[in-house]
Amino acid sequence: MDDDGRYRDNRSDFIRGAKDIAKVAKKQVGKKVGRGMDKMTDEYTKRSYKRFEEEDDEDYAGVPSNDDGYYRNDSRANDDEGHSDSTEGHDEDDEIYEGEYQGIPRADSGKAGSMDGVTDAQAQQFRDLSAYEGERRKDQEELAQQYETILQECGHGKFQWTLYFVLGLALMADGVEIFVVGFVLPSAEKDMCLSEPNKGMLGLIVYLGMMVGAFVWGGLADRIGRRQTLLISLSINSVFAFFSSFVQGYSSFLFCRLLSGVGIGGSIPIVFSYYSEFLAQEKRGEHLSWLCMFWMIGGIYASAMAWAIIPHYGWSFQMGSAYQFHSWRVFVLVCAFPSVAAISALTTMPESPRFYLENGKHDEAWMILKQVHDTNMRAKGYPERVFSVTTIKTVKQMDELMNMGDNTAWHEKWKLKLSALFHQVWHNFQAVFSPEYRRTTYMMMAVWFSMSFSYYGLTVWFPDMIKYLQKQEYSSRTKVFVKEKVEHVTFNFTLENQVHRQGEYFNDKFMNLRMRSMVFEDSLFEECYFEDITSSNTFFKNCTFIASIFHNTDLFKYRLVNCRLINSTFMNNKEGCLLSDVSDDNNAYMVYFVSFLGTLAVLPGNIVSALLMDKIGRLRMLAGSSVISCISCFFLSFGNSESAMIALLCLFGGISIASWNALDVLTVELYPSDKRTTAFGFLNALCKLAAVLGISIFTSFVGITKAVPILFASGALAAGSFLALKLPETRGQVLQ
């Protein structure tokens with residue numbers, strides 16, 4: 001027994017000495033080898049000396065540890081079990097030999113020996129990385145279970161509702177951004193002299209910006225944090241939305257709206273991921289659906305502000321002819337308020353504790369969860385309840401070693417950091433298409449694309465069809481005059497919606513009047529006098545002007561098409577493009593009113609989806625809503641009047657919102673926390689690309705046929721509902 005005890009003591013001393021040697025060896029190796037070999041050796045040596053203390057972990061499994069979490073299995077090993085068969089570099093007598101650190105070839109090795117050493121090191125690296133990934137996977141599964149239990153203890157109360165309204169402001173800013181350009185376009189196109197191609201580009205630029213923003217900010221949120229990334233993205237949105245209100249040129253305005261869209265593009269993927277990580281399993285589907293209501297509130301806010309501000313052209317000022325600030329710019333400025341409010345409120349909220357735990361920050365996560373618990377308990381009248389959790393599982397981290405030294409310039413350090421961040425984000429994006437998630441990702445891509453293509457295409461096609469129907473009705477009331485002769489007459493009243501062909505006008509005066517939708521074709525004007533004329537949609541085609549005078553009018557260049565001017569004079573012409581005349585107020589109010597009704601019609605569908613999301617499941621909600629939306633598309637063929645199109649718009653919006661709510665919840669729950677915003681951001685970027693394609697295709701058929709857009713939308717929704725049933729159901733599961 002004495003010999004056996006001495007043997008055990010000697011073996012314990014030997015084990016401790018081996019670990020010290022391993023540590024010193026690792027430090028010496030880090031000073032001599034490159035970054036890639038350093039990382040490989042670090043992982044290998046760490047594993048080598050940890051093998052001595054891992055054999056008896058099973059005896060201590062589940063015991064709380066202050067080092068690394070509740071489920072940590074790295075307790076001190078029993079000295080009797082120091083040997084591990086998987087540990088290379090030990091013989092039967094447990095003596096260390098020189099070949100233990102096989103990642104480093106010996107200096108006296110030959111060429112063949114060096115090659116063998118490198119090959120063995122690479123094989124060992126792959127084995128170690130595979131094992132390390134397995135450990136991370138196990139950690140993540142254990143964390144998901146424990147985290148759900150902790151959220152149950154924290155409860156659902158004041159903290160979650162406060163965060164609900166804070167993140168709701170960010171989602172509201174996204175809803176506002178969608179409507180801004182559409183509302184200001186009728187005024188901005190005349191203020192900036194926009195051609196039809198420029199108008200189309202301005203309408204699509206926000207979607208292109210949001211597409212880029214969703215991908216970029218979604219990827220960054222998984223690496224630097226949900227809250228920090230959301231603050232950065234909202235700040236970019238608010239700054240460039242503010243600038244776009246004041247810039248004068250079309251290119252500058254386009255650039256500012258592009259960057260504003262890039263900023264707000266991170267809102268949807270981050271907001272839903274952020275909020276879901278504070279919600280327990282039985283509350284998640286319902287409350288994420290309630291959060292979707294803020295997108296609707298953003299649309300209502302934008303419609304109401306446009307209705308109240310844009311038609312008031314008196315709300316403007318100008319400094320000479322170079323700078324003009326009209327009412328539509330006031331509207332653009334007001335639309336930046338939700339984003340600014342979201343930034344102010346978000347500074348008072350903490351980071352997601354789930355993000356901290358996924359990144360090995362135990363203490364920070366514990367403090368936040370304790371804050372959630374205490375806030376909810378105090379609000380419920382139980383301030384004496386103590387947060388019983390002492391330690392929480394954290395996920396093993398993949399070390400990213402980067403030795404920059406003290407003499408490295410600051411710009412080189414930033415370059416290296418940004419390069420490392422880019423590679424981390426790109427690796428995370430590639431992981432979304434790994435074999436484990438590939439099928440899910442492809443299926444989700446198809447569902448997101450089909451939903452977005454049909455929804456955005458139809459929602460933009462609806463207003464254009466309404467405008468077309470209004471134009472058709474207005475044209476049906478056009479008065480036509482042929483070969484009329486008018487002499488010595490003074491016109492000082494409004495001329496509207498008339499066509500004059502082959503007319504003759506001698507010594508007539510057109511003074512202090514407005515011309516709206518007037519067309520003169522093949523007419524003769526002799527010794528006529530035009531003064532203080534403001535026109536909209538008015539043209540003179542193939543006309544002849546003899547000895548006529550134009551004073552303070554806008555009847556020049558754009559209004560005169562293939563006309564002959566003989567001894568005629570233009571004096572003090574109105575320069576630039578003018579805003580639409582007040583006569584367009586009714587049309588403007590109708591556009592805002594239709595958008596207001598369309599967003600308000602979403603409310604019933606939102607309430608129903610929130611109440612049923614956790615009862616019938618995400619897939620049934622998604623597929624069922626898509627099928628009903630597909631059926632409602634066929635009723636569009638019966639919409640031959642303005643009122644009928646408005647009613648169908650409201651019907652389609654109210655039904656399809658349930659699909660979007662289910663899709664958002666499903667996307668959050670299908671991906672793990674370390675890839676959640678990356679996947680959500682990519683899918684949301686694909687959604688915006690589909691929106692651009694849908695809008696471009698659907699609007700090209702306005703006034704031509706309704707059959708093609710209806711067939712496209714119905715086919716896309718049918719395909720989306722079918723594919724949705726192939727996805728896994730996530731109801732009742734813990735957040736991965």
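Quantify, in whole percent, the carbon and sulfur part of the accessible surface of segment 479-571 (1.4 Å probe; protein heavy atoms only). Taking all protein chains in place, segment 479-571 shows 47 percent carbon and sulfur surface. Placing dummy labels 7 Å off each Cα toward the beta-carbon, the span from residue 478 to residue 161 is 5.9 nm.
Other residues with beta-carbon under 11 Å from the beta-carbon of residue 241 carry, at +1 per Lys or Arg and -1 per Asp or Glu, a net charge of 0.
Express in nm, to one decimal, how much length is gained between residue 631 and residue 542 on full extension, taking 0.36 nm for each residue of separation and deducting their alpha carbon distance.
27.0 nm
Averaged over its residues, segment 479-571 has an accessible area of 53 Å² per residue, based on protein heavy atoms and a 1.4 Å probe. Under the convention that each Lys and Arg Cβ holds +1 and each Asp and Glu Cβ holds -1, the size of the dipole of segment 515-554 around its Cα centre is about 180 debye.
Note on residue 228 and residue 145: with the Förster distance fixed at 25 Å, the Cβ-Cβ geometry gives a FRET efficiency of about 0.35.
Show me the ranking of peptides 501-514, 219-232 by mean Cβ neighbours inside 10 Å, starting with the highest.
Packing order, densest peptide first, comes out as 219-232, 501-514.
What is the sum of charges, Lys and Arg at +1 and Asp and Glu at -1, for the other residues whose Cβ falls under 13 Å from the Cβ of residue 349?
That sum, taken over residues with Cβ under 13 Å, equals +1.
Projecting the Cα atoms of 337, 186, 159 onto the charge dipole of segment 152-395, computed from C-beta unit charges around the Cα centre, puts 159 farthest toward the positive end.
Take every Cα pair under 8 Å whose residues are at least 6 apart in sequence, average their separation, divide by the length of segment 479-571, and the relative contact order is 22 percent. Excluding ligands, DNA and RNA, the accessible surface per residue across segment 152-395 is 34 Å² with a 1.4 Å probe. Of 615/726; 138/615; 467/557, which ones are farther than 23 Å apart at the Cα? Those over the limit are 138/615; 467/557. Compared with the direct C-alpha span, the chain from residue 363 to residue 427 gains 20.3 nm at full extension, assuming 0.36 nm per residue. Under 37 °C and 0.692 mPa s, how fast does segment 152-395 diffuse according to Stokes-Einstein, given a Kirkwood radius computed over C-alpha pairs? Answer in µm²/s, whole number. The calculation lands on 169 µm²/s. Judged by the mean number of other Cβ atoms found within 10 Å, the most tightly packed of the peptides 464-471, 687-694, 382-389 leads the ranking 687-694, 464-471, 382-389.
In whole angstrom, segment 479-571 maps to an equivalent ellipsoid with semi-axes of 16, 15, 14, each derived as √(5λ) from the alpha carbon gyration tensor and ordered largest first. Protection proxy ranking of 628-638, 350-360, by the mean of other Cβ atoms within 10 Å over each peptide's residues and highest first, is 350-360, 628-638.
Taking the Cα centre of segment 152-395 as reference, the dipole from Cβ charges on Lys and Arg (+1) and Asp and Glu (-1) amounts to some 220 debye. Per residue, segment 613-691 exposes 28 Å² of solvent-accessible protein surface, assessed with a 1.4 angstrom probe and all protein chains in place. For segment 152-395, relative contact order (Cα pairs under 8 Å, six or more residues apart, normalised by length) works out to 31 percent.
Leaving out ligands, DNA and RNA, and with a 1.4 Å probe, what % of the accessible surface on segment 152-395 is carbon or sulfur?
Carbon with sulfur: 66 percent of the solvent-accessible area.
In terms of distances greater than 23 angstrom between alpha carbons, the cross-link table entries 393/417; 471/541; 393/675 yield 393/417. Charges on Cβ only, +1 for Lys and Arg, -1 for Asp and Glu, centred on the Cα centroid of segment 404-478; of 427, 450, 470, which one is farthest towards the dipole's positive end? Towards the positive end, the residue furthest out is 470.
Let me know the whole percent of all Cα-Cα pairs from segment 407-483 that are separated by more than 20 Å.
When every Cα pair of segment 407-483 is considered, 69 percent fall beyond 20 Å.
The values are calculated or read from the model by the stated rules, or taken from the named source; none is laboratory data. Predicted, not measured: the structure shown is a model, and the values here were computed from it. Note that we place each Cβ from the backbone using ideal geometry, even for glycine, and neighbour counts take in every protein chain shown. All accessible areas refer to the heavy atoms of the entire protein, side chains included, with ligands and DNA or RNA removed. Shrake-Rupley method; radii C 1.70, N 1.55, O 1.52, S 1.80 Å.
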